[in-house]
C-alpha cells in the first residue's frame, strides 16, 4: 500500500527559542495527518461520534532524527501496519523533501464515548486495511 501524504508548512508558532520546531508540535502534525488519512478513506470523526465511537492514542514511539525549521514545507506519511478488532497500528514519518526528520509508530484504539473499549465496525477495519490512498 502507498502511504497517505499530508503537507505541513512550519510557522513561527511551531518553533521554539532556537528556531527549531518544538518537539510537541510534531504530535499536532501527526494527529492532523491521521485525521486526513481517515477522512480520505471515508472515515469521519463526527460520524463515529454519532455512533458513540472515538479514537485514543494507546502508545507512540517517536524518533526525532533531524530538526525542521520555520517556513519548511514538510510531508507527513501515514501507513497502516495492522488493524484488529479495536486497534489500529500506524507508521508515520515526516520528511522535508526526501530527508527523514521524524518517525513514529503508534497504536490507536477505538473507545466508546460513554467509556470502555469499542470494536471498530468491520467496514472501517476493512477500509483501513485495504486502503490504497495516495492523496496529497
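Throughout, read-outs are computed from the coordinates displayed, never taken from laboratory work. Everything numeric in this text was worked out from a predicted model, so none of it was measured. Methodologically, a virtual Cβ is constructed for each residue, glycine included, from the backbone with ideal geometry; neighbour enumeration extends over all protein chains shown.
I want to check the label-to-label distance for residue 69 and residue 40. Put each point 7 Å from Cα in the C-beta direction and report it in nm to one decimal.
Simple spin-label model gives 2.8 nm for this pair.
Among 21, 108, 65, determine the one that fluctuates most according to a GNM of the chain built with springs between C-alpha atoms less than 10 Å apart.
In this elastic network of the chain, the residue with the biggest mean-square fluctuation among 21, 108, 65 is 65.
Show that you can apply the helix-only estimate: for the chain, add -39,500 (n - 2.57) for every DSSP H stretch of four or more residues, divide by all residues, and state [θ] at 222 nm to the nearest 500.
So the helix-based figure for the chain works out to -6500 deg cm²/dmol.
Test of understanding: what is the full-extension gain from residue 57 to residue 11, defined as 0.36 nm times their sequence separation minus their Cα-Cα distance?
14.0 nm
What angle do you read, to the nearest 10 degrees and between 0 and 90, between the alpha-carbon axis of helix 25-40 and the longest principal axis of the chain?
Result, in degrees: 40.
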